[in-house]
Every structure is written in structure tokens, then in C-alpha cells.
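Trainee: Here it is, the structure in full.
The values are calculated or read from the model by the stated rules, or taken from the named source; none is laboratory data. What you see is a predicted model, and the numbers here were worked out from it, not measured in a lab. Heads up, the Cβs are rebuilt from the backbone with ideal geometry, glycines too, and the neighbour counts pull from every protein chain shown.
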Amino acid sequence: MAIDRNSNKFTFIFAIIMVVVVGTALSYVSLTLKPLQVQNSLKKEMINILGSVGVEAERENAEELFYANITQRITLNYKGEVVKTSTGQIDPKDAADPFNVDVQKEFRDTELVQEERNYPIYLAEVGGKKLAVIPMVGKGLWGPIWGYIALEEDFNTVFGAVFNHKSETPGLGAEISEGFFQEPFEGKKIYDESGDLVSINVKKGGADPSNPHAVDGITGGTITSNGVSEMLKRTLGIYDTYFQENKTQLSELK
């Protein structure tokens, strides 16, 4: 029996077949590429963490350098208590691994109750220095901003910091991802002489170089600069209890 290719029935059946075929092909491609996407995402975060402790890495050597320099991955609860410690290879499917904590959700989700929140921290040893790396997320002018800040053994002195963004304005707020903005954080203090957490203020109009708690803001990027200040103070406040209780030296931590 001849098929009437001009009939509505033929067109309808052909459309259904094409939808099924294309859908199946896309699903197969997605499933095939997903492990690679997960691995690339893992390496990207490793590169960012390593950047905060002054270790330059590329995708090709990110894992090797990460495991060589990051000695422990720790999860804290809302009280600042250690609830999980991990070392060795990261399993992307292991939700309990501190590396796999969804920082965006834990830090910013208003529907998540305090008692259920988890906060990751990374301990590192680089060039004989013991360091602690804290992840953070915040809000810029046009979308999310995020970063990592590395503290020295006193949990007070900044060793290094990296920041990035999703959609800040090029030449303005997007400058938070540049070295000239990040480098001045090195050596700054997050506690004042009385031991109170004051964080680091990204100051519009320029910061006094002698001020241990301030860095220059970005000209024309006031809202993004304020977003970084808010992100730092809020996030460091989350870890304050842990810092206060472990203020001796990282080498003494268990």
C-alpha cells in the first residue's frame, strides 16, 4: 500500500518518530558526557582552592596538585563543630565528602534550617606553611559572586584570596577576578586587637594602606565591592566559633 506523504497522518507519525529519535539521541549524549562534565567541574573547584594558597594549576594537573597540597577536607555544623573529615581521593557521588557540600545552598538557602547546614573548610600545607581555606558565596550587581580565602595558622592573617563572578560588568565589577584586586588582601587581618571579628572591608574611594582590615574597592563597581564585603563578613562569621576554638596553630588540630 502506497504511503501518502502529504497526508496529516503521515506528518503526525513522522513528527512523533523524530521526537523519539532525537530525544533518545540527546539523552544518550547527555548521559555519556555527564561524567566528563562532573570531572571538569571538580577540577575547576580544585583550581580555585589552589589559587587561594598560591598554587597555580591547570586542568591537566589540578588533581595532582590538589592532593599534594590539600591535606584535609572538613565539614562543620552550625555550631562550628567538626562533623566530617576526609582525605584522599574525592568521590563525586559521595554527598558526605566536604568537597561535595553545595555551598550555594548551605550559605544562601533561606528555607534550610540552621541545624541542617554544613560548612566546608580545607586544610593545606604549602611551602612549609599550614593554611585553612574557606569557600564563600555572595551577590554582586547582576548575579552571584563567590571565592575562597586562605588564612594562616593564626586563623587571622590572610594568606591569599580568589574571587569570581557570573555576570558582573566587564571593566567594573568583573574586576574582582583580577589579581590587582585580590593581591591586596594578602596580609590583612580579620580580627581586631581585641579579638573581635571585623572581617575586611572593600572600601570605596581607597583604603588606608596601614589599615589591616580594609582594601581598595573597584572604581565604578561599588555594588560589587559592597557584595564582596558582605560576603566576607557573613561567611567569616559562620566560621568564627571554629576559629576561636582553634586559635593556637593548625599543626595542633586533630
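Trainee: Would you please name the residue that is farthest from residue 155 (Cα to Cα), looking only at residues in segment 42-59 that are in a helix (DSSP H, G or I) and of a type in the set (Val, Ile, Thr)?
Mentor: Here the residue is 47.
Let's see how each residue does on (1) surrounded by 17 or more Cβ atoms within 10 Å (Cβ to Cβ); (2) touching a His at 6+ places or on another chain (Cβ under 9 Å):
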site: 174; (1), (2): yes, yes
site: 180; (1), (2): no, no
site: 184; (1), (2): yes, no
site: 190; (1), (2): yes, yes
site: 228; (1), (2): yes, no
site: 232; (1), (2): yes, no
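Trainee: Give the number of residues within segment 99-137 that are at pLDDT 90 or above, assigned to a helix (DSSP H, G or I) and over 14 Å from the mean Cα position of the chain (by Cα).
Mentor: Counting residues in segment 99-137 that are at pLDDT 90 or above, assigned to a helix (DSSP H, G or I) and over 14 Å from the mean Cα position of the chain (by Cα) gives 0.
Trainee: Checking the structure you have, find out if any residue of segment 34-41 is free of Cβ contacts under 8 Å to residues at least 60 places away in the same chain and part of a strand (DSSP E or B).
Mentor: no
Trainee: Residue 156 - would you say it is out of contact with any Leu (no Cβ under 9 Å at 6 or more places or on another chain) and under 30 Å from residue 86 (Cα atoms)?
Mentor: yes
Trainee: Does segment 90-97 contain any residue that is small (Gly, Ala, Ser) and either touching a helix residue (DSSP H, G or I) at 6+ places or on another chain (Cβ under 6 Å) or surrounded by 15 or more Cβ atoms within 10 Å (Cβ to Cβ) (or both)?
Mentor: For segment 90-97, residues small (Gly, Ala, Ser) and either touching a helix residue (DSSP H, G or I) at 6+ places or on another chain (Cβ under 6 Å) or surrounded by 15 or more Cβ atoms within 10 Å (Cβ to Cβ) (or both): absent.
Trainee: Is it true that some residue in segment 188-206 is within 14 Å of residue 52 (Cβ to Cβ) and part of a helix (DSSP H, G or I)?
Mentor: No.
Trainee: Further question: What's the number of the condition residue 211 fails, among (1) touching a Lys or Arg at 6+ places or on another chain (Cβ under 9 Å); (2) in a helix (DSSP H, G or I); (3) among the polar types (S, T, N, Q)?
Mentor: The single condition residue 211 does not satisfy is (2).
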